[in-house]
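J.: Once you've had a glance at the structure underneath, I'll fire off some questions.
A short reminder: the numbers here are calculations on the coordinates, not readings from a lab. Every value quoted in this text rests on a predicted model; they were computed, and no experiment measured them. When we count neighbours, we look across all protein chains shown, and the Cβ atoms used for this are built from the backbone with ideal geometry, even at glycine.
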Amino acid sequence: MWQALRDELHPQGLELVTVGLDALGADGCRGFIEAAEPTHPALIDQHHVLANAFGVVNIPQAIWIDEQGMIVRPPEAAPAPPKDDPGISMDLPPELPERMQAMMAEAVKIPNNSQDYHAALRDWVANGADSQFALSPDEVVERSRPRDANISKGHAHFEMATALEMDGRHDEAIPHFQQAHKLVPDSWTFRRQAWSLEPVGDGPLARFWQGPNPENPDDWPYEGDWLSDIRASGAENYSETMKP
Amino acid sequence: MLTRSLQVSADDFFRETGWQIKPEGACKGQMCVPLDSKAGTTVDLSELAPKLGMATVEHDGRYAIGPESLGSKALVTAEAANIRLPDVDGKPFELSSLRGQKIIVYAWAPY
């Protein structure tokens with residue numbers, strides 16, 4: 001869906017770079033990338049360097065960068081182009097488990113400002129620095145996520161966790177994921193990544209379960225899970241919609 | 001960044017964090033933080049990391065160094081970090097190779 005938009009706007013000087021955030025690397029991302037048949041750079045980010053370098057805290061989020069390499073919009077929610085079906089794009093089993101139905105009921109409540117976002121993107125591609133959506137360098141820094149010593153420590157724990165995971169030391173990674181979640185409470189990606197490494201079942205939804213296995217719920221190592229956390233924070237607060 | 005030693009080369013530190021060691025200190029964008037020791041080819045992270053507000057986590061002889069927090073924001077500059085990441089076949093890519101084009105960096109995940 002982004003591929004078509006990229007092909008349309010590439011002649012006007014826009015390039016799309018997709019980055020899959022996944023400790024499982026190419027193994028985790030390959031199926032989705034091959035299905036999309038990208039003509040643009042499609043990268044793999046096993047340690048979530050986009051969190052360190054830009055302050056990405058959820059997916060999908062996007063960062064806009066101008067021809068001189070200056071960020072003109074820091075990470076913000078990046079909805080799919082409006083002409084696409086905003087629903088979940090994978091094949092869902094006919095008898096969806098109750099938990100997945102409940103998750104989808106929350107997901108549809110997440111605000112979607114696709115029309116506004118893509119109008120703004122097109123305005124920037126056409127008008128560059130004259131676009132009202134191209135922010136000044138000071139505004140870009142000001143709008144980026146807060147970061148203190150605890151948040152830096154949470155990121156360090158997360159990177160250690162992904163390193164251990166890549167070494168096949170899953171049990172040792174878990175305490176570092178737990179610390180990352182505690183120290184960077186506004187990061188959905190840090191939580192979603194860890195939850196996805198506790199798959200339930202082995203079908204296409206295994207990593208989207210994002211919570212305890214109903215057969216042995218006491219084995220769940222984390223405080224939260226996707227359904228409990230989004231209900232606690234409110235689906236309307238799940239992603240920060242673009243403000244001009 | 002991940003490292004097995006707190007003594008790292010200035011080049012590696014720059015590549016991993018975007019902080020460049022110059023005569024005036026450790027610099028990123030317009031920001032420079034003066035250092036006690038003279039600029040060299042090696043940096044001592046036990047000295048430098050706290051100055052930049054970078055936390056350190058140790059596990060089994062390996063260190064993870066968190067990102068800077070001295071500016072209280074995720075970004076200390078609007079200059080985009082030169083992200084270096086592989087594609088699905090392991091081929092390396094640098095964001096700076098697209099200089100001269102507008103870029104939208106889109107984060108997604110298969111979960």
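J.: Return the residues of segment B:22-42 that are among the aliphatic types (A, V, I, L, M) and in contact with a strand residue (DSSP E or B) (Cβ under 6 Å, 6 or more places away or on another chain); say none if nothing qualifies.
T.: Those that are among the aliphatic types (A, V, I, L, M) and in contact with a strand residue (DSSP E or B) (Cβ under 6 Å, 6 or more places away or on another chain): B:ALA26, B:VAL33, B:LEU35, B:ALA39.
J.: Name the single residue, out of those in segment B:8-45 being within 13 Å of the chain's Cα centre (by Cα) and of a type in the set (Ser, Thr, Tyr), that is farthest from A:GLU159 (Cα to Cα).
T.: Among residues in segment B:8-45 that are within 13 Å of the chain's Cα centre (by Cα) and of a type in the set (Ser, Thr, Tyr), the one farthest from A:GLU159 (Cα to Cα) is B:SER9.
J.: Only one of B:TYR63, B:TYR106 is crowded, with 19+ Cβ neighbours inside 10 Å, more than 7 Å from chain A (Cβ to nearest Cβ) and within 25 Å of A:ARG191 (Cβ to Cβ). Can you tell me which?
T.: After ruling out the rest, the residue left standing is B:TYR63.
J.: Let me ask something else about it. Scan segment B:21-50 and report the pairs whose first residue is at positive phi and whose second residue is part of a strand (DSSP E or B), with Cβ atoms within less than 8 Å and a gap of 6+ or a chain change.
T.: Between residues of segment B:21-50 that are at positive phi and residues that are part of a strand (DSSP E or B), the close pairs are B:GLY25/B:CYS32; B:GLY25/B:VAL33; B:GLY29/B:GLU79.
J.: Just the residues that are assigned to a loop (DSSP other than H, G, I, E, B), more than 7 Å from every other protein chain (Cβ to nearest Cβ) and farther than 15 Å from A:PRO204 by Cβ, please, taken from segment A:16-47.
T.: A:ALA23, A:GLU37, A:PRO38, A:THR39, A:HIS40, A:GLN46, A:HIS47
J.: Suppose we keep only residues that are in contact with a Pro (Cβ under 9 Å, 6 or more places away or on another chain) and of a type in the set (D, E, K, R) within segment B:77-103. Which one would you say is farthest from the other protein chains (Cβ to nearest Cβ)?
T.: Of everything passing the filter in segment B:77-103, B:ARG84 is farthest from the other protein chains (Cβ to nearest Cβ).
J.: Let me ask something else. From the residues in segment B:66-76 that are surrounded by 22 or more Cβ atoms within 10 Å (Cβ to Cβ) and in contact with a strand residue (DSSP E or B) (Cβ under 7 Å, 6 or more places away or on another chain), which one is nearest to the other protein chains (Cβ to nearest Cβ)?
T.: B:LEU75
J.: Scanning for something part of a loop (DSSP other than H, G, I, E, B), over 23 Å from B:THR17 (Cα atoms) and out of contact with any Pro (no Cβ under 9 Å at 6 or more places or on another chain), does segment A:48-55 turn up at least one residue?
T.: So far as segment A:48-55 goes, no, none of its residues is part of a loop (DSSP other than H, G, I, E, B), over 23 Å from B:THR17 (Cα atoms) and out of contact with any Pro (no Cβ under 9 Å at 6 or more places or on another chain).
J.: Select from segment A:94-116 the residues that are among the polar types (S, T, N, Q) and either touching a Leu at 6+ places or on another chain (Cβ under 9 Å) or part of a loop (DSSP other than H, G, I, E, B) (or both) and list them in ascending order.
T.: A:ASN112, A:ASN113
J.: Quick one: A:ILE33 ticks every box in (1) among the hydrophobic types (A, V, I, L, M, F, W, C); (2) crowded, with 21+ Cβ neighbours inside 10 Å; (3) under 17 Å from B:PRO92 (Cα atoms) bar one, so which box is it?
T.: In the conditions (1) among the hydrophobic types (A, V, I, L, M, F, W, C); (2) crowded, with 21+ Cβ neighbours inside 10 Å; (3) under 17 Å from B:PRO92 (Cα atoms), A:ILE33 misses (2) alone.
J.: The conditions are (1) crowded, with 18+ Cβ neighbours inside 10 Å; (2) without any contact (Cβ under 8 Å) to a residue 40 or more places away in the chain; (3) part of a helix (DSSP H, G or I), and A:ALA119 fails exactly one of them. Which is it?
T.: Against the list (1) crowded, with 18+ Cβ neighbours inside 10 Å; (2) without any contact (Cβ under 8 Å) to a residue 40 or more places away in the chain; (3) part of a helix (DSSP H, G or I), A:ALA119 comes up short only on (1).
J.: What is the one condition in (1) under 26 Å from A:SER187 (Cα atoms); (2) buried (at least 16 other Cβ atoms within 10 Å of the Cβ); (3) not hydroxyl-bearing (Ser, Thr, Tyr) that B:ARG15 does not satisfy?
T.: Status for B:ARG15: all satisfied but (2).
J.: Here's a follow-up. Would you kindly identify the helices (runs of 4 or more DSSP H) lying entirely within segment A:130-196 that contain at least 2 residues that are surrounded by 15 or more Cβ atoms within 10 Å (Cβ to Cβ) and either free of Cβ contacts under 8 Å to residues at least 12 places away in the same chain or out of contact with any strand residue (DSSP E or B) (no Cβ under 8 Å at 6 or more places or on another chain) (or both)?
T.: The helices (runs of 4 or more DSSP H) meeting that bar are A:149-166, A:170-183, A:188-196.
J.: Of the conditions (1) without any contact (Cβ under 8 Å) to a residue 12 or more places away in the chain; (2) over 25 Å from A:LEU21 (Cβ atoms), B:GLY90 satisfies every one except a single condition; which number is it?
T.: The one condition B:GLY90 does not meet is (2).
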